[in-house]
Amino acid sequence: MDAQRGPGGGPPGRWPRQWWHGPPGRTGRPGEGHGAGEAADGDGGHRRPRWPWRSTLLFTAFVLAGSQFAAHAQEGERAALDPAARVLLFVAGALLLWRWRRPVPVLCATVAAVLLYNAAGYPYGPVFLTVAVACFSTVVSGHRHAAWAAMGAFWAGHVLIAQLLYRWLPPSGDGAVSWNEEIVVATWVVALVAVSELVRTRREQWARERAERARAARRRADEERLRI
């Protein structure tokens with residue numbers, strides 16, 4: 001009778017349950033149950049951020065093309081796009097490639113690039129989208145305080161440029177921005193961070209629910225092994 005039983009004393013022709021489900025403490029297949037921007041490593045127990053090539057190319061192309069249209073619409077009001085402006089636009093978009101691996105440095109660098117672009121008097125346009133994406137990635141990845149600080153610095157820099165430094169910055173003859181517009185910018189910053197916080201909270205809740213389901217599945221598997 002024993003000769004008919006599989007290794008480990010299980011039923012005839014069957015391997016121990018944990019052998020065909022992987023090592024203890026591991027459930028599902030590698031790569032399952034991971035959030036956006038993350039993938040399982042070779043062990044299946046850790047996560048590493050993916051490289052968001054497609055979305056970064058899309059954002060960068062949109063920023064470059066949209067800024068070109070904005071330049072035509074604001075011709076005579078803002079400084080014309082030159083090679084330096086296009087470099088800043090490209091850098092602000094390309095930095096998003098690292099947004100899941102180095103979210104805080106990417107957010108700080110993006111804020112600096114956009115403020116420099118704004119200080120140079122270039123046309124307003126979709127370049128602010130890069131700050132929004134970088135802020136969202138930073139908050140969702142858990143660096144809440146860094147995101148709030150960076151966005152506060154972004155608004156303070158915008159106020160400094162628009163209310164004080166505009167006298168010495170291009171374009172010549174430009175006036176101060178109205179405080180109503182500054183309030184709009186501040187509202188946009190707060191709304192952006194608030195939405196990012198909401199998404200982060202929901203993701204953490206979903207992660208806890210997945211972990212609870214995984215623990216329940218492991219308990220059922222352990223009970224089944226004991227029963228067998």
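Laboratory data are not the source of any read-out in this text; all were calculated from the coordinates shown. Not measured: the values here are computed from a predicted model. So basically every Cβ, Gly included, is an ideal-geometry build from the backbone, and we count neighbours across all protein chains shown.
Overview of results
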read-out	value
Spatial extent of segment 52-169: Rg and Dmax, with the Cα atoms as the point set, Å	14.0, 43
Simple spin-label estimate for Leu226 and Ala156 in nanometres, 7 Å along Cα-Cβ	5.8
Cα-based Rg and Dmax for segment 120-228, where Dmax is the largest Cα-Cα distance (Å)	22.9, 84
